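Since the structure comes first, as structure tokens, the remarks are kept for the end.
The values are calculated or read from the model by the stated rules, or taken from the named source; none is laboratory data. This one's a predicted model, so the numbers in the text were calculated from it and none came from an experiment. For neighbour counting, all protein chains shown are included, and Cβ atoms are generated from backbone atoms with ideal geometry for every residue, glycine included.
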Amino acid sequence: MKLTLIRQGFAITALLLPFFASSAMPKSEILLATLNTEYGLQVSRITSGDRYNNQPLLTEKGIYFTQEVQEQTLSQTDLVFYSFADQQSYNLTNSAVSEYSPTLTPSGDALSAIVVEASGQQKLWQYPLESNEQPRRIFEWIEPVGYHAWGRDNDVVMFILGEPHTLQYTKVAAAKGNVVAKDIGRTLTFNTTLSAFTFSYNKEGKNWLASYSPSTQAVSDIFRLPENVQYYAFINDDVVIYSLHNRIYKRSISEPGSVSLWLDLTPYCSTQITRLSYNNEQLAFVCSK
């Protein structure tokens with residue numbers, strides 16, 4: 001991986017983004033829980049809690065995440081990579097704009113992310129990891145994008161901010177989002193077994209985990225989530241995990257009536273656990289400060 005490839009100086013850095021006041025960004029830290037070691041559960045801190053560290057994406061080689069970068073009393077966010085090989089963090093973007101929500105593209109050779117452009121518009125961009133190509137917009141006209149998830153057919157769902165927030169689906173070639181659900185939560189995934197995207201949404205005052213199938217264009221309710229739970233992850237295609245305060249619960253799609261405590265992370269986070277990212281017996285999680 002060319003960690004220094006994505007750098008300041010790409011096309012939109014000439015447009016200066018107004019910085020956000022640092023006091024407006026909530027402080028949070030990212031921790032990594034390793035399960036089933038010879039010593040049991042092992043938890044390590046990936047970041048400090050003195051700034052905004054959020055939106056972890058856990059991979060075999062490390063963790064991509066969003067980190068606040070402060071300059072005097074002003075701040076923005078960059079995309080950062082924490083490498084397991086040397087236990088160091090690397091600023092991948094180091095740009096004059098704010099980037100959020102790092103996600104690997106289906107090919108695995110690029111990151112897609114939300115960029116808050118100079119105009120204030122939030123659009124989906126692509127950042128190459130293994131070539132000398134410059135970062136570029138994926139969609140010119142679809143905005144404001146908050147979060148996104150890739151499917152298997154060069155297709156994507158996006159959380160589009162609005163009143164209410166909507167889930168929109170499109171293929172890269174089409175470049176036009178179609179609204180498939182409203183009043184949605186912040187977590188979006190693609191489930192290969194279901195051949196569908198998953199999301200949460202408010203339906204008649206209740207919080208549901210649901211799926212959207214591109215082939216049938218149908219939304220299907222899976223099971224009800226606890227009120228206000230918007231962050232979840234899959235540990236496999238059948239088992240969903242989510243946090244209540246500082247404990248992680250698991251629930252099966254095939255047996256939705258059974259809910260159990262999976263991890264008690266109280267010793268490591270005394271406040272609220274929010275975002276989760278699971279991969280191969282490891283869990284990256286965000287603890288609010």
**Message:** Checking the condition within 24 Å of Glu143 (Cα to Cα) and either in contact with a helix residue (DSSP H, G or I) (Cβ under 9 Å, 6 or more places away or on another chain) or part of a strand (DSSP E or B) (or both), which residue from Ser101, Ser107 passes?
**Reply:** Ser101
**Prompt:** Just wondering, is there one or more residues in the range 235-249 that are of a type in the set (Phe, Trp, Tyr), out of contact with any Gly (no Cβ under 7 Å at 6 or more places or on another chain) and in the same structural domain as Asn54 (by TED's automatic domain parsing)?
**Reply:** no
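Within the range 146-186, work out how many residues are β-branched (Val, Ile, Thr) and on the phi > 0 side of the Ramachandran plot.
0
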**Asked** Does the range 202-213 contain any residue that is over 20 Å from the mean Cα position of the chain (by Cα), assigned by TED's automatic domain parsing to the domain that holds Asn178 and among the hydrophobic types (A, V, I, L, M, F, W, C)?
**Response** no
**Asked** Taking the range 31-50 on its own, how many of its residues are closer than 28 Å to Ala118 by Cβ and buried (at least 20 other Cβ atoms within 10 Å of the Cβ)?
**Response** 1
**Asked** List the pairs whose first member sits in the range 254-272 and is under 16 Å from Gly49 (Cα atoms) and polar (S, T, N, Q), whose second member is surrounded by 11 or more Cβ atoms within 10 Å (Cβ to Cβ) and modelled with pLDDT under 95, and whose Cβ atoms are under 7 Å apart, counting only residues at least 6 apart or on separate chains?
**Response** Thr271/Lys289
**Fill in**
Among Phe84, Phe19, the single one that is surrounded by fewer than 17 Cβ atoms within 10 Å (Cβ to Cβ), farther than 24 Å from Thr187 by Cα and modelled with pLDDT of 95 or more is Phe84
**Item:** Test for Gln122: is it without any contact (Cβ under 8 Å) to a residue 60 or more places away in the chain and within 21 Å of Thr47 (Cα to Cα)
**Value:** no
**Prompt:** If you go through the range 196-210 one residue at a time, do you hit one that is outside any strand (DSSP E or B) and in contact (Cβ under 8 Å) with a residue 40 or more places away in the chain?
**Reply:** no
**Asked** Of all the strands (runs of 3 or more DSSP E) wholly in the range 122-188, which have at least 2 residues that are at pLDDT below 95 and either surrounded by 14 or more Cβ atoms within 10 Å (Cβ to Cβ) or in contact with a helix residue (DSSP H, G or I) (Cβ under 6 Å, 6 or more places away or on another chain) (or both)?
**Response** none
**Asked** Which condition breaks for Leu161 when tested against (1) under 17 Å from the mean Cα position of the chain (by Cα); (2) farther than 27 Å from Leu92 by Cβ; (3) not aromatic (Phe, Trp, Tyr)?
**Response** (2)
**Request:** Within the range 240-283, track down each residue that is within 15 Å of Thr187 (Cα to Cα) and of a type outside the set (S, T, N, Q).
**Result:** Val240, Ile241, Tyr242, Ile273, Arg275, Leu276, Tyr278
**Members of the range 87-108 found to be under 17 Å from Asp155 (Cα atoms), at pLDDT below 95 and in contact with a Ser or Thr (Cβ under 7 Å, 6 or more places away or on another chain), listed by number** = none
**Asked** Restricting to the range 265-289, what's the tally of residues that are among the β-branched types (Val, Ile, Thr) and not in a loop (DSSP other than H, G, I, E, B)?
**Response** 3
